[in-house]
1. Looking at (1) crowded, with 19+ Cβ neighbours inside 10 Å; (2) part of a loop (DSSP other than H, G, I, E, B); (3) within 12 Å of the ligand (Cβ to nearest atom), which one does Leu151 not meet, given that it meets all the others?
2. Is there any pair linking a residue in segment 18-30 that is small (Gly, Ala, Ser) to one that is assigned to a loop (DSSP other than H, G, I, E, B), with Cβ under 9 Å and at least six apart or on different chains, and which?
3. Report every pair of residues separated by at least 6 positions or lying on different chains whose Cβ atoms are under 6 Å apart, first residue within segment 145-159 and free of Cβ contacts under 8 Å to residues at least 60 places away in the same chain, second more than 11 Å from the ligand (Cβ to nearest atom) and open to solvent by less than 10 Å² (accessible area, probe 1.4 Å).
4. Identify, please: which residue in segment 113-142 is within 12 Å of Phe163 (Cβ to Cβ) and crowded, with 21+ Cβ neighbours inside 10 Å and is, among those, farthest from the ligand (Cβ to nearest atom)?
5. Mind checking which residues of segment 68-87 are touching a Pro at 6+ places or on another chain (Cβ under 8 Å) and either free of Cβ contacts under 8 Å to residues at least 40 places away in the same chain or open to solvent by less than 10 Å² (accessible area, probe 1.4 Å) (or both)?
6. Output the qualifying pairs, or none if there are none: Cβ atoms under 7 angstrom, residues six or more apart or on different chains, first residue in segment 93-113 and acidic (Asp, Glu), second residue part of a loop (DSSP other than H, G, I, E, B) and within 13 Å of the ligand (Cβ to nearest atom).
7. Name the single residue that is most open to solvent (accessible area, probe 1.4 Å) among those in segment 2-38 being among the charged types (D, E, K, R), farther than 20 Å from Val113 by Cα and within 18 Å of the chain's Cα centre (by Cα).
8. Could you check segment 88-112 and list, in sequence order, the residues that are open to solvent by 50 Å² or more (accessible area, probe 1.4 Å), within 16 Å of the ligand (Cβ to nearest atom), within 30 Å of Leu26 (Cα to Cα) and of a type in the set (Val, Ile, Thr)?
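The values are calculated or read from the model by the stated rules, or taken from the named source; none is laboratory data. Quick caveat: nothing in here was measured; it's all calculated off a predicted structure. All Cβ positions, glycine included, derive from the backbone under ideal geometry; neighbour counts span all protein chains shown. In case anyone asks, the SASA skips ligands and DNA or RNA and just uses the protein heavy atoms, side chains included. Shrake-Rupley method; radii C 1.70, N 1.55, O 1.52, S 1.80 Å.
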Amino acid sequence: MFKPLNILDDRHKILRKISKEVNTPLSDEDKITIENIIKHLKYSQIEKKAEKYNLRPGMGLAFPQLGMLKRIIVIVHEYEEGKFKNYVVVNPKIISHSEEIIALETGEGCLSVNREVEGHVPRYARVKVVGLDEDGNEISIRAREDLSIALQHEIDHLNGILFYDKINKKKPFFNENEIRLI
Ligand code: NI
């Protein structure tokens, strides 16, 4: 039986707190939570399932969005039509990034922000993220484009940062000469 997650929205102050590093291997409880997040995110990106369960599409979630201040992020990336790859990173860190800055042309969204917020969110075009898997093995991910943006967005959640914090209030939109819009 699939039960949609209970995701906190940005009125909750917990989303503004710094999450704590997590010891590995993860508890069974945390592993189950991760499985539930993966299922929710995947279904949210499959039109029929999203409709059936009334899910807003999202490709990533961080533990604080469920009220748990733990440094764990989950991304379900549709890398090809109908094909998904899951990324689970415990205690993630960006250890290097491109000089190049990009932004999603239509702006970012977040499962904790239940409204449209307009504006470009500048992000690194490429990042290298290191961290641990659920069992405590070291992992490293090189990401570009939308996956790079998703990793930065989710890691921001662990530091109490929401995507709209990074929109320049005076100049919310960039043009193609300033940053690459994807
Ligand atoms: Ni978010």
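1. Only one criterion is unmet by Leu151, namely (2).
2. Ser19/Met68; Ser19/Leu69; Ser19/Arg71; Ser19/Asn159; Ser19/Gly160
3. Hits for this filter: Ser148/Val127; Ile149/Arg123; Gln152/Arg123.
4. Filtering first and then ranking leaves His120.
5. At the first step, the residues of segment 68-87 found to be touching a Pro at 6+ places or on another chain (Cβ under 8 Å) are 70-71, 73.
Within segment 68-87, Ile73 is the sole residue that qualifies.
6. Glu108/Val121
7. Restricting to residues being among the charged types (D, E, K, R), farther than 20 Å from Val113 by Cα and within 18 Å of the chain's Cα centre (by Cα), the top hit is Lys20.
8. Residues satisfying the conditions do not exist here.
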